[in-house]
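Undergrad: To start, I am sharing the structure in question, which I have written as structure tokens.
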Amino acid sequence: MNAPDERPPATLSDGVVHWLTNGTRDERFIDNIFAQMCIRLQQAGIPLKRSTLHVLIQHPQWLGARFMWSDGMREAEISRVDFDVRERSEYIGSPANEMQDGASEVRENLERDPALGRRHALYDEMRANGLTDYVAWPLYHTLGKRHLVTFATDRPGGFDEAHIAALKNLLPVLALVSEIRIKNRLARTLLETYVGSHAGELILAGATRRGTGTTVRAAIMICDLRDFTKISDNWPRDDVIDLLNDYFDAMSEPIARHGGEILKFIGDGLLAIFPLHEPNACANLLQAVTEARGAMAALNERNNGTGRAPLNYGIGVHVGDVMYGNIGSTTRLDFTVIGPAVNMASRLEALTKQVGRPVLLSRDFAELVQPEFELERVGRYEVRGFSDPIELFAFQG
């Protein structure tokens, strides 16, 4: 006697499920997979007109992202979602809001009288675009994390039962495929956030063994905020955090814009390098310093309006060979740069207090940017840890 056939009934999306499972292994980005999935659903006979995928992400600036596909598109449109979205009308009463509150399905007949259905601008927009039916489901990732996928059609009468069954058939595999890509992107985002983009790429490529690294010739920049101890002792905690964030924004954004890489924030200081494989690295560093000076002046002007004292800083700049790689204990590593050149930049930053100039450059660095930049020679100074006096130059920007 033959055993009963326990296979689930075939659906219109079986071919798409097979493709998601077996045909997407070499595709890195979920937005490309999502757009191709929608096109394949159409080809399978499902009257899909519009679809969205909403995912929560761990990012310092964004709560999540939305991937939107509509008929005729070859690629999905990506938009980022702010952290404060849940306080805005675009979210309140939306399908995402219902899912967040625990709904397992949102289905809306867009052909019926709007007064009889859900009230939200999204449904009005879809009706205006000729859509007739809309369905949204949660997409479950590991440990109960819920994301959201939606489908809409312009077919008279909306989706039929076979269409809904086919779309539901996709959900478990789409959840697995999307989770892998989102976690890959999350790993990259976290590394970029905490160690920088270039170091992050090296770590993802396998540079994780303690003591491994490479020698890099680079311009090194170390910046420190003045009187931070006094500020942190006398200001409310939240004000100190806001101040530090504003200060680091003013300094960091020009560095990133001109090709530098910030390797670490150290309390109220930062360490950045501009590798010399880029021919204009040293000039780019000074351009970044110039823009940072302007940003700090603007920040001080804003702070002056609230009664805060102006912020001052010191920057030391040197050039030389550094060891760029993994340093630390057996269980906790730091991807950073070390070497005499880094020490020199640190000593120059400290000397800015003694010399009375906010930006000090070593002669080795100055020779690489003169006469393109106007520098002021400030003399020779003893530098702790180095046997010979160092000739210093100031840069006004």
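The values are calculated or read from the model by the stated rules, or taken from the named source; none is laboratory data. Every value quoted in this text rests on a predicted model; they were computed, and no experiment measured them. Cβ placement follows ideal geometry from the backbone for every residue including glycine, while neighbour counts extend to all protein chains displayed. When the accessible area is computed, the model is the full protein with side chains, heavy atoms only, and any ligands, DNA or RNA have been set aside. Shrake-Rupley method; radii C 1.70, N 1.55, O 1.52, S 1.80 Å.
Undergrad: Where residues in segment 18-28 are surrounded by 15 or more Cβ atoms within 10 Å (Cβ to Cβ) and either among the hydrophobic types (A, V, I, L, M, F, W, C) or without any contact (Cβ under 8 Å) to a residue 24 or more places away in the chain (or both), which of them is nearest to LEU174 (Cα to Cα)?
TA: Per the stated criteria, the residue is LEU20.
Undergrad: What's the number of the condition ALA219 fails, among (1) at pLDDT 90 or above; (2) surrounded by 19 or more Cβ atoms within 10 Å (Cβ to Cβ); (3) assigned to a helix (DSSP H, G or I)?
TA: With respect to (1) at pLDDT 90 or above; (2) surrounded by 19 or more Cβ atoms within 10 Å (Cβ to Cβ); (3) assigned to a helix (DSSP H, G or I), ALA219 is out only on (3).
Undergrad: Across segment 361-376, which residue is surrounded by the fewest Cβ atoms within 10 Å (Cβ to Cβ) among those that are touching a Phe, Trp or Tyr at 6+ places or on another chain (Cβ under 9 Å) and within 16 Å of GLY316 (Cβ to Cβ)?
TA: The qualifying residue surrounded by the fewest Cβ atoms within 10 Å (Cβ to Cβ) is GLU376.
Undergrad: While we're on this one: Do the conditions hold for ASP321, that is, is it touching a Pro at 6+ places or on another chain (Cβ under 9 Å) and open to solvent by 40 Å² or more (accessible area, probe 1.4 Å)?
TA: Yes.
Undergrad: For ILE78, state whether it is open to solvent by 40 Å² or more (accessible area, probe 1.4 Å), more than 19 Å from LEU171 (Cβ to Cβ), in contact with a helix residue (DSSP H, G or I) (Cβ under 6 Å, 6 or more places away or on another chain) and not in a helix (DSSP H, G or I).
TA: Yes: the conditions hold for ILE78.
Undergrad: Give the residue, chosen from LEU333, LEU351, that is within 36 Å of the chain's Cα centre (by Cα) and farther than 29 Å from LEU202 by Cα.
TA: Among LEU333, LEU351, only LEU351 is within 36 Å of the chain's Cα centre (by Cα) and farther than 29 Å from LEU202 by Cα.
Undergrad: Suppose we filter PRO254, PRO279 for residues that are more than 12 Å from CYS223 (Cβ to Cβ) and either crowded, with 21+ Cβ neighbours inside 10 Å or free of Cβ contacts under 8 Å to residues at least 40 places away in the same chain (or both); which single one remains?
TA: PRO279
Undergrad: Looking for whichever is of a type in the set (Ser, Thr, Tyr), within 30 Å of ILE273 (Cα to Cα) and modelled with pLDDT under 95 here; the options are THR142, THR208. Which one fits?
TA: Sole residue among the options that is of a type in the set (Ser, Thr, Tyr), within 30 Å of ILE273 (Cα to Cα) and modelled with pLDDT under 95: THR208.
Undergrad: Filter segment 107-121 for residues that are charged (D, E, K, R) and closer than 13 Å to TYR134 by Cβ; which is surrounded by the fewest Cβ atoms within 10 Å (Cβ to Cβ)?
TA: The selected residue is ARG112.
Undergrad: Any idea which residue in segment 93-102 is least open to solvent (accessible area, probe 1.4 Å), counting only those that are more than 16 Å from LEU122 (Cα to Cα) and in a loop (DSSP other than H, G, I, E, B)?
TA: Looking at residues that are more than 16 Å from LEU122 (Cα to Cα) and in a loop (DSSP other than H, G, I, E, B), I get GLY102.
Undergrad: Please specify each residue of segment 324-358 satisfying the condition of being under 16 Å from GLY196 (Cβ atoms), out of contact with any Ser or Thr (no Cβ under 8 Å at 6 or more places or on another chain) and crowded, with 20+ Cβ neighbours inside 10 Å.
TA: Within segment 324-358, PHE335, THR336, VAL337, VAL342 qualify.
Undergrad: Look through segment 302-318, keep the residues that are open to solvent by 10 Å² or more (accessible area, probe 1.4 Å) and small (Gly, Ala, Ser), and return whichever of them is modelled with the highest pLDDT.
TA: That would be GLY305.
Undergrad: Consider segment 34-54. How many of its residues are over 12 Å from THR150 (Cβ atoms), open to solvent by less than 50 Å² (accessible area, probe 1.4 Å) and not β-branched (Val, Ile, Thr)?
TA: 6
Undergrad: Does segment 195-216 hold any residues that are without any contact (Cβ under 8 Å) to a residue 60 or more places away in the chain, surrounded by fewer than 17 Cβ atoms within 10 Å (Cβ to Cβ) and among the small types (Gly, Ala, Ser), and which are they?
TA: Passing the criteria: ALA205, GLY206.
Undergrad: Also: Identify, please: which residue in segment 39-69 is of a type in the set (Lys, Arg) and not in a helix (DSSP H, G or I) and is, among those, farthest from the chain's Cα centre (by Cα)?
TA: Result: LYS49.
Undergrad: Name the residue, out of LEU271, LEU285, LEU243, LEU225, that is of a type in the set (A, V, I, L, M, F, W, C), open to solvent by less than 20 Å² (accessible area, probe 1.4 Å) and in contact with a Ser or Thr (Cβ under 8 Å, 6 or more places away or on another chain).
TA: The unique qualifying residue is LEU271.
Undergrad: Let me ask something else about it. Could you pull out the residue among GLY72, GLY15 that is in a helix (DSSP H, G or I), open to solvent by 50 Å² or more (accessible area, probe 1.4 Å) and of a type in the set (Gly, Ala, Ser)?
TA: GLY15
Undergrad: Now for a separate question. Quick one: would you say GLU90 is in a loop (DSSP other than H, G, I, E, B), modelled with pLDDT under 90 and either among the acidic types (Asp, Glu) or open to solvent by 80 Å² or more (accessible area, probe 1.4 Å) (or both)?
TA: For GLU90, the condition - in a loop (DSSP other than H, G, I, E, B), modelled with pLDDT under 90 and either among the acidic types (Asp, Glu) or open to solvent by 80 Å² or more (accessible area, probe 1.4 Å) (or both) - is met.
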